[in-house]
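Peer 1: First the structure, which I've put down as structure tokens, then a few questions once you've had a look.
Coordinate-derived values only; no laboratory data. Everything numeric in this text was worked out from a predicted model, so none of it was measured. When we count neighbours, we look across all protein chains shown, and the Cβ atoms used for this are built from the backbone with ideal geometry, even at glycine.
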């Protein structure tokens, strides 16, 4: 039984970790960390857990927690873990960090986009970017620190990855228009996330400046084998869960000037994802919808070849709290402890 | 392994049956009946089931189905099963009927409220009203026909049942104000259920005439030991899932004129529901919220004693597609086949 | 031209006052008071007002404001106006108070339900409860202080008023089940009003203890000619605007034991509301829907006589920010200044 | 007084025409055409119009209507007007067509994208594309036939127009990612537009094949002075009203390789829209939100220059039923009859 500690257990991602881990055969949560609700019963914060979780929220003492658990999930604001991480900790416990602290290898890029100083850059090289479909071989029982990918990022990268890797698209033309449900904004009490501000409304935000941009660029850069600069625009949508990305890129033409066919591109996707448990490449002419993955760890991908413009339109959908956060974290945990990768994650999407 | 056939598998309740049964250790769906989508892959109707269900939709041939399955779920319009049911069928297969055809013992009441003739009233006496928390002893491997309770009904009855049964409230004063998400209206293409008609809107409907009224009255009548007439008003709410009932009744005063205390009433609830797996009586001063039961088979109940008016306000919440339809149907199936009552139903509510 | 000052101009009710007054032929807002946004352009807070309002937010200096305006609207928390009101102010300016400070004549009732001390009870007798349809004769150019009714209250009272006044119903049996959109909760940054907490969710709150209860009881008490105690339960609904009340009461039977007919009751409603501009008694069998009054100053009323239970179910719907707050306030302003009562309020409801 | 006839008065665009025209000083609706509701009172279809519209729905007899009105609005499916239009009609009455029948000058393009034969192509040359901000000089009292632009189209074109016209962007790189509320899908009873299918969901549709594409290309082609081929992807969003477009294009660099600055581009926008009543170019760093234009005839535009990619991200928002349909139609009507262009359209957006 893997003993688990969660820091930030009463945020939305933390709450989803609890939901998933309570269904996990080989994991047991022994520490519900929540600075805001210390000594309060967890189910008084999330009444859906009434009669399911009897534990009390505790503070976020990493040191003490490390003595009691096998793995710590940090569902915390940027900079939290970086400010506390020490070799001593990592020698005792594995850490899956849901924040961005160890996702970006170039610390100056991190500091520029996040606007904070990184307090423990020495651990960045060791951290594994936990996008299992791409980095599975690096997430092993020997791994100590996982940088769990962001929600926008996971969806954006997986949707384009095979085509970037195989040079099917011209990566310099890549534009990612992303739409997210509101749980991605977290549970902080902010006016802009009030029901009346979000409902019946839609907007772009963080245009040309959103922090997930360099993370996508770095990972797709590895695939492309060179630096990548792209456009990423997130939008806020009046729904709780779900991310949909619509990605545009020019297709590389064949030597005879023709475009690759649907079938050729499909074959590329299938080569990468045909055996992936959590990536579903949809049938031709089926566009992903966020509701079809809600509550599950799936990423649904579809694409259309546009003969008129020579572009491909790729679409991806996932549940930002599952594959975009807690589900992916559990998927990483499974690999870290040599468990079946899908353990606890065979969740059927709920419709409607 | 229990072999299952579903008639109406592509309606919302049918789709939920599929979601639940795919998670059930001892059940296997062998017939996805859907007259509207014959020969179409089930996952083409509900893309959330892509890569999960590979079966094709078939017609609704009860006779043939009865030869292939152990239990049939009929998630069909009123009158469908009543028009086809025969002794021969029941001798081969158990039936859990999600329609109202066999819920009401007095066929004239059924015919009056539903406005249709009942074609097979001879099976009404045999049918067991499958509200397991109340009729558990009658849902046994010997039972052949289950009348699966309605969504409004389940919530309305369970919320008031112990207090009616124990005479804590004056049942003649009982008023049930119920609010439902829109999936309760089904998947039929009707203007009044379009997104733009329901969103940002709320209304009562079926006022003093809704068909679930006599079902509630009959069941609470058994509890009261006499006929019950009550007010039931359903409302349509802009959300997918969830029913909330707010019930008002005058408390019976003690001989000294005092009202029963919160603790006394609580004790009554606990006596009935303390050991129930799917009924959660919330802590004092906690009001049920539909989101806290979403996706699960729970009914959450809370209540407030109003000293000023001498009334009690009882509140209940459930997911209309789970405990209000498919979940309850599976719960009945489990009992019909001697399985653990909660098998396949340990679903943790999803929040947010 | 009536010069207007608003305190709390950046709350939801304040914002609606601005929307309505910008359309008003004879009113001009000269002071946008908003302590939180002093010196910020109003349209930077509410971008819908871009190019429509160029003014800057100012503080809430009542004294200074009184020298510059003819009427002050206070869209402020309970206790604000009571703490500042002085004879000197009222001698210079009319005040329409959207808070509850002067709505309840018995100060001890106010202090009990609101849990705060009333700092200027001496003005309570003078304040006119500004429910124009009932108190129109008291809202005159001689009036100085209007207690603008609450949103739940306006809807609850108007829906039942004629039947209470005429003794058609037994007021002791009156139960009000009210449902409100989320803008009624205001623009404060609170976790429970976040999109993800409200969306796809429904709950009762303030059960048997909501502060609008005594206000409804007082006004219906005047109609009944005696003290009234009733049940009032508010619910939060995932929509921005709109209040729907469903009210239950036993009908008084005729001497021969029969119930009053639909037509008889309809005649009572028509007698009271037939000439009212803003009250629409709907046709038989039509139930009010909140969307049909959205953005307008209408109250829609419908009712059903239930022969089975001897009860009447009355339903009322309004837009909580218009007839439930800002619209009613402007209606009062119009009467205070001898203008056409409907000036600036002929707003056609927006659908969908 | 302009006498108006509406065909399709009970669709969503038709309903919005009624809302706007009831507020119009110089227009009077004398014919509410609705084949589906003949002889039914209009307010029985749209109860928001109770006590506002007393008229009865009539059939859609164009000939007879033409004798009674000065202008006909056709809010009808594609092909309806094209199948009936004759010189005789146009000689009697002006027509504002809200369908696509006369929007595209090249009939073969129309027939290819719409998949129907055009029955009266002889009127295409005469029809004026009624995007007033661009074609104002052609919408005059001498004009007989207006092709009222589509909702996606209006937003897409106006957002990019000045930059295309002035060669600021490379039009071959233009990508339009559009998001729409559900009222754009009309009031037809279709499963895919049911509340439960749309709510908590988001998807792209009509990818690389949506019918508004050639309309956008044609109009921007006039601006560019040459043929334009672009990517246009519409998405369905769970809200009633509102369109948001996010447009991406590479900026043309200055001779020295630098990008045009924000201020330079802003100056271009201001030159085109500075005096436009209904186009609001927002302040720097403000992104449009659909809620800020809801219920109004405004288009809000914002943009960000992305130094990293050399692209500009342009954003536009409007209410699809107002500026995207009925509002624009009334704007055209005003010009057709020599009225003030904004008459009846000074609608303040409603928030929240």
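Peer 1: Could you put C:55, A:270, D:300 in order, starting from the residue whose Cβ has the fewest other Cβ atoms within 10 Å?
Peer 2: Fewest-to-most ranking of C:55, A:270, D:300: A:270, C:55, D:300.
Peer 1: From the label point of residue D:284, set 7 Å from Cα along Cα→Cβ, how far away are the matching label points in the other copies, in nm, ordered shortest to longest?
Peer 2: 5.1, 6.0, 6.7
Peer 1: May I pose another question? Top mean-square fluctuation among B:309, B:229, B:153, Gaussian network model of chain B, C-alpha springs under 10 Å?
Peer 2: Among B:309, B:229, B:153, the largest GNM mean-square fluctuation belongs to B:309.
Peer 1: Hey, for residue C:107 with labels 7 Å out along Cα-Cβ, what do the inter-copy distances come to in nm, ordered shortest first?
Peer 2: So the distances to the same position in the other copies read 6.6, 7.2, 8.3 nm.
Peer 1: Considering only DSSP beta bridges whose two residues both sit in the protein assembly as shown, what percent are antiparallel, to the nearest 5?
Peer 2: Among the beta bridges of the protein assembly as shown, antiparallel pairing accounts for roughly 50 percent.
Peer 1: Okay, next question. Among rounded, prolate and oblate, which fits the protein assembly as shown when a ≥ b ≥ c are the square roots of the eigenvalues of its C-alpha gyration tensor, a/c under 1.5 means rounded, and a/b larger than b/c means prolate?
Peer 2: rounded
Peer 1: Counting pairs of alpha carbon atoms under 8 Å apart in space and at least six apart in sequence, what relative contact order in percent does region C:14-130 give?
Peer 2: Value for region C:14-130: 18 percent.
Peer 1: While we're on this one: Which of rounded, prolate, oblate describes region C:176-272, given a ≥ b ≥ c as roots of the alpha-carbon gyration tensor eigenvalues and a/c under 1.5 marking rounded, otherwise prolate only if a/b is larger than b/c?
Peer 2: Prolate, since a/c reaches 1.5 and a/b exceeds b/c.
Peer 1: With label points built 7 Å along Cα→Cβ from the Cα atoms of residue B:56 and residue D:51, find their separation and express it in nm.
Peer 2: 5.9
Peer 1: Take C:101, A:256 and order them by how many other Cβ atoms sit within 10 Å, fewest up front.
Peer 2: Taking fewest neighbouring Cβ atoms as first place, the list is A:256, C:101.
Peer 1: Test of understanding: in a Gaussian network model of chain B with alpha carbons linked when under 10 Å, which of B:321, B:158, B:90 would top the mean-square fluctuation ranking?
Peer 2: Highest fluctuation of the listed residues: B:90.
Peer 1: Can you give the average number of partner chain beta-carbon atoms within 10 Å of each beta-carbon in peptide C:170-176, as a whole number?
Peer 2: Counting other chains' Cβ atoms within 10 Å and averaging over C:170-176 gives 3.
Peer 1: Additional query: Where both partners of a DSSP beta bridge lie in region D:220-352, what percent of those bridges are antiparallel, to the nearest 5?
Peer 2: 85
Peer 1: Could you state the angle between the C-alpha long axis of helix D:212-224 and the longest principal axis of the C-alpha atoms of chain D, as a value from 0 to 90 degrees rounded to the nearest 10?
Peer 2: Approximately 60 degrees, to the nearest ten.
Peer 1: Determine the distance separating the Cα centre of region B:157-197 from the Cα centre of region C:124-145; give it in Å without decimals.
Peer 2: 41
Peer 1: Send over the Kirkwood Rh of region B:143-223, from the inverse of the averaged 1/r over different Cα pairs, rounded to one decimal Å.
Peer 2: Taking every pair of different Cα atoms in region B:143-223, averaging 1/r and inverting gives 14.8 Å.
Peer 1: For region B:152-320, rounded, prolate or oblate, judged on the Cα gyration tensor with a ≥ b ≥ c (square roots of eigenvalues), a/c < 1.5 rounded, else prolate if a/b > b/c?
Peer 2: Cα axes put region B:152-320 in the prolate bin.
Peer 1: Over chain A, with a Gaussian network built from C-alpha contacts below 10 Å, which listed residue (A:315, A:239, A:333) shows the highest mean-square fluctuation?
Peer 2: A:239
Peer 1: List the residue from chain A whose beta-carbon is nearest to the axis that rotates chain A onto chain D, together with that distance in whole Å.
Peer 2: A:177, 2
Peer 1: How many Cβ atoms of partner chains, on average, are near each residue of C:50-62 if near means within 10 Å of its Cβ?
Peer 2: 2
Peer 1: Using DSSP, restrict attention to beta bridges with both residues in region A:139-276 and report what percent are antiparallel, rounded to the nearest 5.
Peer 2: Within region A:139-276, antiparallel bridges account for around 60 percent of the total.
Peer 1: Cα centroids of region A:254-295 and region C:256-319: how far apart, whole angstrom?
Peer 2: 56
Peer 1: To continue, here is another question. Given labels modelled 7 Å from the Cα in the Cβ direction, how far is it in nm from residue D:122 to residue B:88?
Peer 2: 6.8
Peer 1: Let me ask something else. Computed from the mean reciprocal separation of all distinct C-alpha pairs, what Kirkwood hydrodynamic radius does region D:9-167 have, in Å?
Peer 2: 16.9
Peer 1: Going 7 Å from Cα along the Cα-Cβ axis for the label, what nanometre distances separate residue B:120 from the same residue across the other copies?
Peer 2: 5.7, 6.7, 7.5
Peer 1: Let me ask you something else. With an 8 Å cut-off on Cα pairs and a minimum separation of 6 or more residues, tell me the relative contact order of chain A in percent.
Peer 2: 17
Peer 1: Related question: Can you sort A:124, D:243 so the residue with the fewest Cβ neighbours within 10 Å comes first?
Peer 2: A:124, D:243
Peer 1: In chain D, if every C-alpha pair distance is counted and binned at 10 Å from zero, what percent goes to each bin?
Peer 2: 5, 25, 35, 24, 8, 2, 0
Peer 1: Using only Cα atoms, locate the centre of region B:7-70 and the centre of region D:33-58, then give the distance between them in Å, rounded to an integer.
Peer 2: Rounded to whole Å, the Cα centres lie 43 Å apart.
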